[in-house]
C-alpha cells in the first residue's frame, strides 16, 4: 500500500508558497509558473493558510473583485481549517480525508509537524472499474 511519502518521492521538501500579504494576482502567477492549482500560504516559515484556484473563482471573480487589489489573506483557507496528511498516511487514508472534507489538496507534515510538501487529488492512482465502459 502506497504512503504519502512514496507519492511525494523526490518532491519531498519542495514547497511552493506565497505570503498572506501578497496579491492574489501574484499567487495566480506562481500557480501558473509552477503548474499548480493551489499554494501554501506561509508567513515567517509558518503555515497560515492555503489558497486555490477555486478560492480565486469564488471569492474574487464571482464577487467582482480584482486579483491585483485583493490580498491572499482575504481569500485563503486559514490554518485552523486546513486538513493535513502525514508522510506515513496511506493513499487510501488521504483520499478518504479529501473526500470527506470536499477538498483537493493536503499539506504534508513530517514527524516534527514541519510542512514537507503538498499532495493533490491528481497525485493518486485510481483503479478503473473494468465493468465501466468508456
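The values are calculated or read from the model by the stated rules, or taken from the named source; none is laboratory data. In this text the structure is predicted, and so the values were computed from the model without any measurement. In this analysis, Cβ positions are derived from the backbone assuming ideal geometry, glycine residues included, and neighbour counts consider all displayed protein chains.
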Legend entry - Among residues of region 94-123, those that are out of contact with any strand residue (DSSP E or B) (no Cβ under 6 Å at 6 or more places or on another chain), over 29 Å from residue 23 (Cβ atoms) and surrounded by 15 or more Cβ atoms within 10 Å (Cβ to Cβ), counted: 2
Legend entry - Given (1) under 22 Å from residue 9 (Cα atoms); (2) surrounded by 15 or more Cβ atoms within 10 Å (Cβ to Cβ); (3) out of contact with any strand residue (DSSP E or B) (no Cβ under 9 Å at 6 or more places or on another chain); (4) at pLDDT 95 or above, index of the condition residue 56 fails: (1)
Inset, instruction - Determine whether region 45-53 contains at least one residue that is out of contact with any strand residue (DSSP E or B) (no Cβ under 6 Å at 6 or more places or on another chain) and modelled with pLDDT of 95 or more. - result: yes
Legend entry - Selected residue (criterion: surrounded by the most Cβ atoms within 10 Å (Cβ to Cβ)) from residues of region 1-23 that are touching a helix residue (DSSP H, G or I) at 6+ places or on another chain (Cβ under 7 Å) and in a helix (DSSP H, G or I): 4
